[in-house]
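One structure is given below, encoded as structure tokens.
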Amino acid sequence: MKLICSDQHRGHDALYEFNRGRLIPALESPARAAAILGALGEAGLGAIELAESFDLAPILRVHRHDYVAFLQGAHAEWSALGRGGDALPLAWPVRGLRDDRVPRSLDGRLSYYSFDIGTPITAGTWTAAKGAADAALTAARSLCSGRESSAFSLCRPPGHHAAFDCYGGYCFLNNAAIAAQYLRDHGSDRVAVLDVDYHHGNGTQHIFYQRNDVLFASIHADPATDFPYFLGYADETGAGAGAGCNHNFPLAAGADWAAWGAALDAACRRVDAFAPDAVIVSLGVDTFRGDPLSSFLLEGDDYLRMGARIALLARPTLFVLEGGYAVDEIGCNVVNVLRGHADAA
Ligand code: SP5
Ligand code: ZN
């Protein structure tokens with residue numbers, strides 16, 4: 001299995017996030033990647049290689065040009081205003097407000113391009129996000145060359161909440177979507193994205209919603225109760241040419257392997273029926289029972305079962321890291337998915 005990481009991720013090191021009205025240390029931290037690297041190093045799944053650098057073209061296949069330009073410069077603009085700390089938005093263009101004009105001021109643009117207050121932009125955010133996209137692209141390239149049948153990219157910051165022109169949910173560039181589009185542009189006719197993160201992958205769904213060449217299937221906490229709140233219901237099945245190519249499996253709080261594994265089975269049957277040339281797994285392990293954001297109850301061994309079920313798809317598979325915030329267990333849980341996959345493949 002090809003294993004790819006980026007050493008740029010440390011530059012994205014937010015001070016705080018809001019939690020229940022208070023500031024707490026940011027959950028999406030460099031320690032997460034360090035823990036996964038440590039576990040991978042002991043797992044014997046393969047050598048860990050550094051991402052190669054791509055130009056912006058594959059990112060601009062998925063994200064709006066002015067959005068990418070904003071991300072590149074936002075923190076420098078923040079600092080130039082004499083402000084310390086991390087850049088955060090203040091307001092959003094919801095119902096009845098205009099979202100067809102990009103405001104001129106930095107504060108206006110932070111609000112325009114974001115959808116939550118939980119995603120700080122730091123001095124190293126752009127470089128880290130670009131490195132994460134490069135990791136996903138490096139892994140994708142190894143699959144489409146045919147030299148590898150499976151790969152893992154250790155992406156941080158994560159990506160599945162980031163849409164065509166907005167960031168949120170700790171995500172800036174949609175690494176899985178960028179990799180999926182790259183595979184489409186390099187010989188794969190159909191790509192499936194299977195999202196197993198605790199949260200709905202609203203960004204990935206949005207990017208591919210009207211397309212029939214990329215299937216999106218997601219298992220996640222019910223948006224009626226959990227972030228991102230405004231997308232991820234079962235009646236979202238795709239639109240236009242993409243009708244029937246989007247499959248959401250929202251689960252109630254308290255889902256254990258019995259409930260979660262049944263949803264994975266149903267999602268995998270949708271992926272099978274699509275007959276994709278490649279599968280991208282948005283791999284969040286925040287479904288873990290000990291995760292600070294999770295109401296699900298998956299145990300360490302369940303991640304072996306997850307990997308084994310995904311291996312039954314018998315397709316070239318790219319695992320892209322998304323969430324998972326129980327730092328002491330995140331390495332073991334990620335390695336278990338990859339090991340379960342490798343042992344069953
Ligand atoms: C990639 C990813 O996993 N992003 C998740 C972002 C979640 N941010 C908002 C979380 C709101 C949590 N509210 C507290 C619930 C504690 N049980
Ligand atoms: Zn998540």
Could you grab me the full set of residues in region 217-247 that are out of contact with any His (no Cβ under 8 Å at 6 or more places or on another chain), within 16 Å of ligand 1 (Cβ to nearest atom) and more than 22 Å from Ile310 (Cβ to Cβ)? Asp222, Ala224, Thr225, Tyr229, Phe230
What number of residues within region 120-140 are free of Cβ contacts under 8 Å to residues at least 60 places away in the same chain and either hydroxyl-bearing (Ser, Thr, Tyr) or open to solvent by 10 Å² or more (accessible area, probe 1.4 Å) (or both)? 1
Top-ranked residue of region 302-329 - restricted to ones that are buried (at least 24 other Cβ atoms within 10 Å of the Cβ) and of a type in the set (A, V, I, L, M, F, W, C), ranked as nearest to ligand 1 (Cβ to nearest atom): Leu321
Within region 101-124, track down each residue that is within 16 Å of ligand 1 (Cβ to nearest atom) and either not aromatic (Phe, Trp, Tyr) or not in a loop (DSSP other than H, G, I, E, B) (or both). Ser114, Asp116, Ile117, Gly118, Thr119, Pro120, Ile121
Does region 189-212 include one or more residues that are farther than 29 Å from Leu88 by Cα, touching a residue at least 40 places away in the same chain (Cβ under 8 Å), open to solvent by 10 Å² or more (accessible area, probe 1.4 Å) and more than 12 Å from ligand 1 (Cβ to nearest atom)? yes
If you scan region 51-61, which residues turn out to be of a type outside the set (S, T, N, Q), touching a helix residue (DSSP H, G or I) at 6+ places or on another chain (Cβ under 8 Å) and open to solvent by 40 Å² or more (accessible area, probe 1.4 Å)? Glu52, Leu56, Leu60, Arg61
Of the listed residues (Ala35, Ala31, Ala51, Ala14), the one being within 16 Å of ligand 1 (Cβ to nearest atom), touching a Ser or Thr at 6+ places or on another chain (Cβ under 8 Å) and in contact (Cβ under 8 Å) with a residue 40 or more places away in the chain is Ala14
Scanning region 153-176 for residues that are small (Gly, Ala, Ser) and more than 13 Å from ligand 2 (Cβ to nearest atom), which turns out surrounded by the fewest Cβ atoms within 10 Å (Cβ to Cβ)? Ala163
Counted residues in region 1-58 being within 15 Å of Tyr325 (Cα to Cα), more than 21 Å from the chain's Cα centre (by Cα) and assigned to a loop (DSSP other than H, G, I, E, B) come to 0
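The values are calculated or read from the model by the stated rules, or taken from the named source; none is laboratory data. Model, not experiment: these values are computed from the prediction. All Cβ positions, glycine included, derive from the backbone under ideal geometry; neighbour counts span all protein chains shown. For the accessible areas, the whole protein counts, side chains as well, though only heavy atoms, and no ligand, DNA or RNA atoms are used. Shrake-Rupley method; radii C 1.70, N 1.55, O 1.52, S 1.80 Å.
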